[in-house]
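The structure appears right after this line, and notes come after that.
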Amino acid sequence: MNQNNQSAEIIKKIQSSTRRGNLITYGIVLAAYIVMQSLVSTGHISSLLKGLLVPVCVYVIAAVSLNLVVGISGELSLGHAGFMCVGAYASSFFTNAYGDGLPNWFRLILAIIVGAAAAGLFGILIGVPVLRLKGDYLAIVTLAFGEIIKNLINVLYAGVDSNGIHISTKSAMDLNMGPDGKQIIKGALGISGTPRLSTFTAGVVLIIITLFIVQNLMNSRAGRAIMSTRDNRIAAESIGIPVTKYKLLAFAVSAALAGAAGVLYSHNLASLSTAKFDYNTSILVLVFVVLGGIGNIRGSIIAAVILTVLPEMLRGLSAYRMLIYAVILIAMMLFNWAPAAISWRERMMERLPFGRKKRTGEED
Amino acid sequence: MSFITYLKDGISLGAVYAIIALGYTMVYGIAKMLNFAHGDVIMVGAYVALMMLTKTGAPPIAAVLVSMAACTLLGITIEMVAYRPLRKASSSLAVLITAIGVSYLLQNLALLIFGAGGKTFVNVVSFPSVSLADGQLNISGTTIVTILVSVIIMVSLTLFVNKTKPGHAMLAVSEDRDAAQLMGVNVNATISLTFAIGSGLAAVAGVLLCSAYPIVSPYTGAMPGIKAFTAAVFGGIGSIPGAMLGGILLGVIEVLGKAYISTQVADAIVFGVLIVVLLVKPSGLFGKNIQEKV
Amino acid sequence: MKKWTRLISVTAAAAMMASLVAPASVFADDVFVIGGIGPLTGGAAAYGTAVENGAKVAVEEINAAGGINGAQIDFRMEDDVHNQETSVNAYNTLKDQGMQVLLGTVTSAPCIAVLAEAINDNMFLLTPSGTAVEAIAGDNAFRVCFSDPNQGTKSAEYIGDHQLATKIGIIYKGDDPYSVGITENFTAEAPNHGLEIVSSEAFLGDSTDFGTQLNAAKNAGAEMIFLPIYYEPASLILKQAADMDYHPSYFGCDGLDGLLAIENFDTSLAEGVMLLTPFTPNAEDELTQKFVAAYKEANDGLVPIQFAADAYDGIYAIKAAMEDAGVTPDMSVSDICEALKVSMQNITLEGLTGTITWGADGEPNKEPKAVVITDGEYVPM
């Protein structure tokens, strides 16, 4: 009885501290939004940064959603760009085919719903077989699926006319469209001319929604169940936790959110091709997650912002740009993760006059 | 006849994948990390050999040896600077990301030093090609050498691991690092040795890859690296014969898929077969299915 | 994450933001800022660097000769890694640096994305080498090279009219818009010139093994292989075909130019290869000779490829149009654009890639030239 009370109290404490952490995250996002928005409206902003606002939102959403899979299940997914690709293509097709004349914000909402639903569906389809695997085998299979998606979309031709949607995998001529037909997906040429519906405000709203979904899922019964399997699979299975069901839920939600990120991406550029969504993008998003701290949502956001802006910042170095980027990436990883660096930092913290006491519990 | 031709093409492509996969699987099995930079070490190896051949006019064998030495050194350095500090990190993903950083670093260094344009690789293999069935089937000297070398490497690696003392140390480290340390195995030295061997093999792979497909650019290693990683997983990562078989099979599937299904979705076919295999046998063809203990 | 790192991260992020926020300061109004965008790193870097180097040769010549309307040119090239998103970032960076006219982008897909921005700003855009139709779908956009459909149909016409072959095999890059675009138009046009396409095979990404595609062509009895691809994979195709003792004739588009310049390439493999290209580095005319010499000197003896020539012509086209319109550096981006739109249609440029005039659609009018590689040299056909 006494013990039960105690554990209930501990759970309450943990819950209130996570809640506080979550609120801080929302606060940071909103503060950043207000600062940037006021800079934009007063014109005190460079074109480069203004142009980066939406892409930063895209990568933040992608990183936070990937953290749902990597962070709570501890599994490595290398196919996240594939889901972004599905979301981007499905929604761009939809926007180009339908919805002329509707208000922009409404078209964007429709596009996000279509893109997220398509990517979520792929998440379930892929998740069912993939989640039976573990570790590096799961990683390579997600990478494989990502490449397959890219490869298949490259041979996809699609258009729409008064008779409905026409799809072919051969060529534009095989679409057999009526005279009023509009060819939208042109194989390797991709989709061009998608109206620019994405805005910074829409991006931030989507980030908030993503945060809400991911943080709630992580702290839900399902989230804790998945984490228990990450920490000790055998123990979790032995007490009858339906691991696979929960993992599939997390995987599908993560895919749908990545799809939403893809929607935001494709409605921000006039030209869309699959080249963007190769394993390098998947790896890039994974870099955000690992650098920011696995399972740490706020870290993902900060890492995504820094690493998206950094290569642009380094433009002044011209030829040495990507070289320096690589060096900084390695250095940041060593600084953040190497046990020696961590203990060195702790010693330094203690020495500081206002240094905190050595931490005892888990951090956020 | 055309089927046999395609099969031969597949085997020669697969033999190159196999050599790269051997290095991958070696490092993975012992250091337990995916060395994403392995493909780029191959590229460095190819460039070093090419520079030796064209700038100094060294004989091929000397060029290959210098290239192996350079890559061995590079591999040991990368391991010491970038990977070793993270070996005890709380997540194994940390070192994976660092490896990606190293991969970017090598690619961009090569871009600065050698320029963006591809350079044609000078053929180092002076082995006669073999003509079978009245000249209908022509097997190039490079293919023969590649297959021979990959078999030699596979056999000698297997012997090395199973019969020598450092080899046993590698097995011990791969089985249980902490226990091996307690038994007096120098874990750091063993892992360094693994990287040395893996990177030396990468140099050989680079030379053979670029002899078979004679162009080298800063991004030459990236795609073969991913394919070889796939091959290593296919064969059961950590398994030396598995890497060999996985590489060959991957090459054959790729070529046959292109020949009989579609060249446009060749990659989708390769990865599709991989997925099916892994779903049927989740630890790859030769992988050990280790049950975790409580 | 550790609080300590977070502190550092936030500070770093804030510092980065602060430096980015600072709006562009006052620009000198006695120079024209011409921006260039293209891949300087990544797999397509060879094309972007060629454009950068070619443009620089032209800029140096012009500046040495007194500039445009008395004003010097400040040419700034930014990297886009052949990626739409980065290309837009590069565009915005250049805008912050006071770009008034854009020479770019080098590759098609990024060009389409940047064009949308350029239309918004009414920025004059001249792409040296973006071949997609959509890359200049705006009245502010022009190009120096031929478009994809143009190259595809012209190639079919040329092969048919000169009766070079009737059974054609195509090897193209299935995930490259340039290659797919030409292939589609070639395939559509071929039957009109009595050509039969017996095999059409794709390769993907950085593929290096072309045995399958070559075997398919060989088995289908192709006499000629059409290569609407870039020169690096083409060099491998030539080698592998020779290794399998298959000797068809080859016909390619402007992407093949550069074949002979690949370091260590055995040029005897390319003997007899025909290509439709407006530029060859060993043409005898004085302009080409001068350009090649200057280019080699500036770039450690590197031989210019067609991208460099397109960029060189692009800079001179901008100069001619600016002189025709009489624009001055103190004019706004939009005013310059309005003036150049009109003047581009007035000028006739005697360039490296031919005598060029432009229509309102932004497409260049120039004669395609076919060359054949003979004894390791490009010889006009």
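Read the figures in this text as sums done on the coordinates, not as results from a lab. Since this is a predicted model, take the numbers as computed values, not measurements. Positions of Cβ are generated from backbone atoms using ideal geometry, with glycine treated the same way; all protein chains shown enter the neighbour counts.
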Taking each pair of different alpha-carbon atoms in region B:94-228 once, compute 1/r for the pair, average those values, and report the inverse of that mean as the Kirkwood hydrodynamic radius in Å to one decimal.
17.9 Å
Once both label points are put 7 Å beyond Cα along the C-beta direction, the residue B:163-residue A:19 separation in nm becomes 6.9 nm
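Could you give the Stokes-Einstein D for region C:149-277 in µm² per second, using the C-alpha Kirkwood radius, 37 °C, 0.692 mPa s?
230 µm²/s
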Dimensions of chain B along principal axes (Cα, Å, largest first)?
62, 49, 36
Quickly work out the residue B:56-to-residue B:138 label distance, labels modelled 7 Å from Cα along the C-beta direction, and quote it in nm with one decimal.
3.4 nm
Take the cross-link list C:56/C:296; A:170/C:239; A:276/C:173 and give me the ones stretching past 18 Å between alpha-carbons.
A:170/C:239
Projected onto the charge dipole of the protein assembly as shown (+1 at Lys/Arg Cβ, -1 at Asp/Glu Cβ, origin at the Cα centre), which of B:222, C:305, C:62 gives the Cα projection farthest towards the positive end?
B:222
Count the lysine pairs in chain B whose Cα atoms lie under 24 Å apart, taking only pairs 8 or more positions apart in sequence or on different chains.
18
Debye sum, Cα scatterers, the protein assembly as shown, no solvent: what log₁₀ I/I(0) at q = 0.05, 0.06, 0.09, 0.10 1/Å?
-0.31, -0.45, -1.05, -1.31
Förster-model FRET efficiency, 30 Å R0, residue C:247 and residue B:151, C-beta, rounded to 0.05
0.35
Could you check which residue among C:146, C:307, C:203 shows the biggest mean-square fluctuation in a GNM of chain C with a 10 Å Cα cutoff?
C:203
Of the options C:252, C:230, C:158, report the single residue whose Cα projects farthest towards the positive end of the charge dipole of region C:149-277 (beta-carbon charges: Lys, Arg +1; Asp, Glu -1).
C:158
Zero-based 5 Å bins, Cα pair distances in region C:201-240, whole percents
5, 22, 38, 26, 9, 1
Whats the longest run of chain B with zero trypsin sites (Lys or Arg not before Pro) that are DSSP loop and have at most 13 other Cβ atoms within 10 Å?
B:89-287
Can you tell me how much longer the chain between residue A:344 and residue A:239 gets when fully stretched, taken as 0.36 nm per residue apart minus their C-alpha distance, in nm with one decimal?
33.8 nm
Just to verify a number: FRET efficiency for residue B:73 and residue A:208, C-beta to C-beta distance, R0 = 41 Å, to 0.05?
0.20
Can you give the charge dipole size of region A:10-114 about its Cα centre, rounded to the nearest 20 debye, using +1 on the beta carbon of Lys and Arg and -1 on the beta carbon of Asp and Glu?
480 debye
When the chain is fully extended, how far beyond the present Cα-Cα distance does residue A:125 get from residue A:219, taking 0.36 nm per residue of separation?
31.3 nm
Suppose R0 equals 35 Å; then what is the FRET efficiency for residue B:280 and residue C:219 from their Cβ-Cβ distance, rounded to the nearest 0.05?
0.55
Beyond 25 Å, what share of the Cα-Cα pairs of region B:186-293 remains, rounded to the nearest whole percent?
32 percent
Please report, in debye to the nearest 20, how large the charge dipole of region C:149-277 is about its Cα centre when each Lys and Arg carries +1 at its beta carbon and each Asp and Glu carries -1 there.
260 debye
For chain C, what proportion of DSSP beta bridges, expressed in % and rounded to the nearest 5, is antiparallel?
30 percent
Using a Gaussian network model on chain A with a 10 Å cutoff between Cα atoms, which of A:43, A:293, A:99 fluctuates the most?
A:43
Hey, got a sec? Which chymotrypsin sites (Phe, Trp or Tyr not before Pro) in region A:85-119 land in a DSSP loop and have at most 10 other Cβ atoms within 10 Å?
none
Starting from the Cα of residue B:176, step 7 Å toward the Cβ, then list every residue of region B:13-46 with an amide N under 20 Å from that point.
B:29-33
Could you work out the Rg to Rh ratio of region A:24-320, with Rh taken as the Kirkwood radius (inverse of the mean 1/r over all Cα pairs)?
0.99
Among A:95, B:89, C:141, whose Cα lies farthest out toward the positive end of the dipole of the protein assembly as shown, if unit charges sit on the beta carbon of Lys, Arg (+1) and Asp, Glu (-1)?
B:89
Mind checking the log10 I(q)/I(0) for region B:46-141 at q = 0.14, 0.19 Å⁻¹? Debye, one equal scatterer per Cα, no solvent, two decimals.
-0.75, -0.98
Computed label-point distance, nm, for sites residue A:31 and residue A:113 using a 7 Å Cα→Cβ extension:
3.6 nm
Any chance you could check the Cα centroid distance between region A:55-104 and region B:12-44 for me, in angstrom?
32 Å
Using only the Cα atoms of region C:106-219, what semi-axes does the equivalent ellipsoid have when each is the square root of 5 times a gyration tensor eigenvalue? Give whole Å, largest first.
31, 18, 9
Region A:24-320, dipole about Cα centre (Lys/Arg Cβ +1, Asp/Glu Cβ -1), debye to the nearest 20
380 debye
If you build a Gaussian network model of chain A, linking Cα atoms that sit under 10 Å apart, which residue out of A:288, A:200, A:335 swings the most?
A:335
